[in-house]
Amino acid sequence: MDDYRAWQVLAPSGLLLVGAGVSVAVDASTRRGRSGVARWAGQGTVGLVALNAGLCLFGEAVKRRALHDVAEREAHRRGPEPEDHPAG
């Protein structure tokens, strides 16, 4: 997968996971006073795992977009590739 396509997939996926992770973690913190430790601790752990996974995906997306932009800038700076003409 090229860098631009990877960015298109990873950025929204990362943002969705960050949002879901925050929602689950906040919900677990509100349950803290109302339910047993195992319930809110497990839910909070899942929320934090989702949040961290989302941050990792989004960070990878930022890296891939930067690589794409640098490659485009280099290609633009070099100009068109010379064509190979057979001798004769």
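Every read-out reported here was derived from the displayed coordinates using simple, explicitly stated rules and does not represent laboratory data. Since we're looking at a predicted model, the values are computed, not measured. FYI the Cβ positions are ideal-geometry reconstructions off the backbone, even for glycines, and counts take in every protein chain you see.
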Legend entry - segment 4-58, subset in contact with a helix residue (DSSP H, G or I) (Cβ under 6 Å, 6 or more places away or on another chain) and hydroxyl-bearing (S, T, Y), residue surrounded by the most Cβ atoms within 10 Å (Cβ to Cβ): S13
Inset, instruction - Go through segment 40-58 residue by residue and tally those that are among the aromatic types (F, W, Y) and under 14 Å from L10 (Cα atoms). - result: 1
Legend entry - Failed criterion for M1 (all others in (1) hydrophobic (A, V, I, L, M, F, W, C); (2) part of a helix (DSSP H, G or I); (3) loosely packed, with under 12 Cβ neighbours inside 10 Å hold): (2)
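Which one of W40, W7 is over 27 Å from V70 (Cα atoms), in contact with a Lys or Arg (Cβ under 6 Å, 6 or more places away or on another chain) and assigned to a helix (DSSP H, G or I)? Steps first, answer last, please.
Details: W7 fails: over 27 Å from V70 (Cα atoms).
Going through W40, W7 in turn, just one is over 27 Å from V70 (Cα atoms), in contact with a Lys or Arg (Cβ under 6 Å, 6 or more places away or on another chain) and assigned to a helix (DSSP H, G or I): W40.
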